[in-house]
Amino acid sequence: MTLSSGQTVDILRAAGEPTRLRMLALLAREELSVLELCRVLDQSQPRVSRHLKLLAEAGLVERFPDGAWVFYRLATEDPSRVLVDHALALIDPHDAVLRRDSEQLSRVEAERSSDAAAYFARNAARWDEIRSLYVAEAQVEAAIEQAAGEGPLGRLVDLGAGTGRMLTLLGGRTTRALGLDLSQQMLNIARLNVGEAGLSVCELRHGDIFATGLPAGSADLVTVHQVLHYLGDPAAAVAEACRLVAPEGRLLIVDFAPHTLEFLREQHQHRRLGFSDEEMGRWLATGGLVADRTLTLPSTVERGLTVKIWTARRPADAERKAA
């Protein structure tokens with residue numbers, strides 16, 4: 001897909017304003033809410049919203065409501081993204097304005113991470129209890145085992161292992177299982193649970209879901225269980241998960257359908273209030289996977305959460321095509 005000269009001029013005009021260029025540089029790093037952009041740019045919400053509106057109209061950013069919040073991210077499927085990437089790549093990495101914005105965004109991210117870490121530390125010992133408040137965990141786990149399929153699972157990588165529940169649930173059918181998590185409190189509990197289950201094939205490691213450091217195609221099954229709604233850039237986490245899936249391997253993601261329970265942001269550090277099938281399907285396709293099936297588990301309590309289980313696979317000939 002190409003652009004006409006008129007479209008190109010419109011895109012350059014939209015991006016060619018100092019504040020809007022700063023916004024594009026920030027959104028190239030991760031999706032952000034309007035209020036977070038206001039904090040980083042030190043500008044009023046009406047002013048920031050007006051600039052975002054112009055960028056969205058030009059096709060440079062995507063706007064998506066999430067409960068009472070509104071997030072923005074760089075457009076992913078538009079040829080205008082090519083122009084944005086080229087423009088940002090040409091900017092001096094030591095540019096004072098963009099460097100200051102980057103430092104301010106890092107402070108916002110650090111606050112977010114600190115709040116999340118404190119929450120996980122407070123609740124690590126009763127993590128499974130918190131999950132069970134919304135959806136019957138036994139029902140979810142039965143559906144996960146169904147989605148994982150019968151027989152041996154080969155090499156398992158669990159991203160955001162938490163208390164190690166995916167490892168204890170599926171680890172007995174693996175040749176090797178690795179769980180990664182950034183929370184040491186969670187890893188300590190996971191090690192205890194894995195040890196009690198007698199799963200010597202399971203290893204737990206401190207690791208970042210965005211940059212695992214693992215080789216591409218190193219897992220026959222990758223699981224991401226109730227992790228994405230805590231993340232600032234869930235699309236990037238899905239991309240890393242997809243990268244780890246071997247040819248003929250599968251990815252299994254468990255999270256919530258879109259909902260409006262705002263108290264989960266305030267009390268439980270949820271950043272995103274669920275994900276749509278369309279959004280998840282787009283991320284999986286971008287990662288080179290083919291969507292397999294989706295299981296939907298409605299809540300049994302009033303105003304509860306609906307759990308979604310998305311599965312996708314990497315075609316057997318993916319390795320040959322890449323070569």
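Below are the figures for this structure:
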item: Flag for L167 being in the same structural domain as D208 (by TED's automatic domain parsing), in contact with a Cys (Cβ under 7 Å, 6 or more places away or on another chain) and at pLDDT 90 or above; result: yes
item: Close pairs from the stretch 34-63: first without any contact (Cβ under 8 Å) to a residue 12 or more places away in the chain, partner surrounded by 17 or more Cβ atoms within 10 Å (Cβ to Cβ) and part of a helix (DSSP H, G or I), Cβ under 6 Å, at least 6 apart; result: C38/V48; Q45/C38
item: Residues located in the stretch 143-175, provided they are among the polar types (S, T, N, Q) and more than 24 Å from the chain's Cα centre (by Cα); result: T174, T175
item: Unmet criterion (only one of (1) assigned to a loop (DSSP other than H, G, I, E, B); (2) out of contact with any strand residue (DSSP E or B) (no Cβ under 6 Å at 6 or more places or on another chain)) for G274; result: (2)
item: Answer residue from the stretch 167-211, given it is in a strand (DSSP E or B) and of a type in the set (G, A, S) and is farthest from A138 (Cα to Cα) among those; result: A211
item: T306 being closer than 27 Å to A136 by Cα, assigned by TED's automatic domain parsing to the domain that holds M166 and polar (S, T, N, Q); result: yes
item: Count - residues of the stretch 135-166 that are part of a loop (DSSP other than H, G, I, E, B), touching a residue at least 60 places away in the same chain (Cβ under 8 Å) and more than 19 Å from V307 (Cβ to Cβ); result: 1
item: Count of the stretch 216-229 residues which are surrounded by fewer than 22 Cβ atoms within 10 Å (Cβ to Cβ) and either in a helix (DSSP H, G or I) or of a type in the set (S, T, Y) (or both); result: 2
item: Output for the stretch 17-46, where each listed residue is small (G, A, S) and part of a helix (DSSP H, G or I); result: A25
item: Condition check for R112: of a type outside the set (D, E), modelled with pLDDT under 85, surrounded by 13 or more Cβ atoms within 10 Å (Cβ to Cβ) and not assigned by TED's automatic domain parsing to the domain that holds S49; result: yes
item: Residue within the stretch 47-62 that is of a type in the set (S, T, N, Q) and touching a His at 6+ places or on another chain (Cβ under 9 Å) present; result: no
item: Residues satisfying the stated conditions in the stretch 178-210, i.e. of a type in the set (D, E) and either in contact (Cβ under 8 Å) with a residue 60 or more places away in the chain or surrounded by fewer than 20 Cβ atoms within 10 Å (Cβ to Cβ) (or both); result: E196, E203, D208
item: Condition met for G232 (of a type outside the set (V, I, T) and either in contact with a helix residue (DSSP H, G or I) (Cβ under 8 Å, 6 or more places away or on another chain) or modelled with pLDDT of 95 or more (or both)); result: yes
item: Evaluation of E248 against (1) farther than 21 Å from L182 by Cβ; (2) of a type outside the set (F, W, Y); (3) touching a strand residue (DSSP E or B) at 6+ places or on another chain (Cβ under 6 Å); (4) part of a strand (DSSP E or B) (one fails), failing number; result: (3)
item: Residue that is buried (at least 19 other Cβ atoms within 10 Å of the Cβ) and at positive phi, where the choices are G274, G232, G287, G213; result: G274
item: Residue in the stretch 280-287 that is assigned by TED's automatic domain parsing to the domain that holds E145 and in a strand (DSSP E or B) present; result: no
item: Subset tally (residues that are assigned to a loop (DSSP other than H, G, I, E, B), closer than 15 Å to V84 by Cβ and touching a residue at least 24 places away in the same chain (Cβ under 8 Å)) for the stretch 2-16; result: 1
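The values are calculated or read from the model by the stated rules, or taken from the named source; none is laboratory data. Just so you know, these numbers come straight off a predicted model, no measurement behind them. Cβ sites come from the backbone with ideal geometry, for glycine too, and all protein chains shown count toward neighbours.
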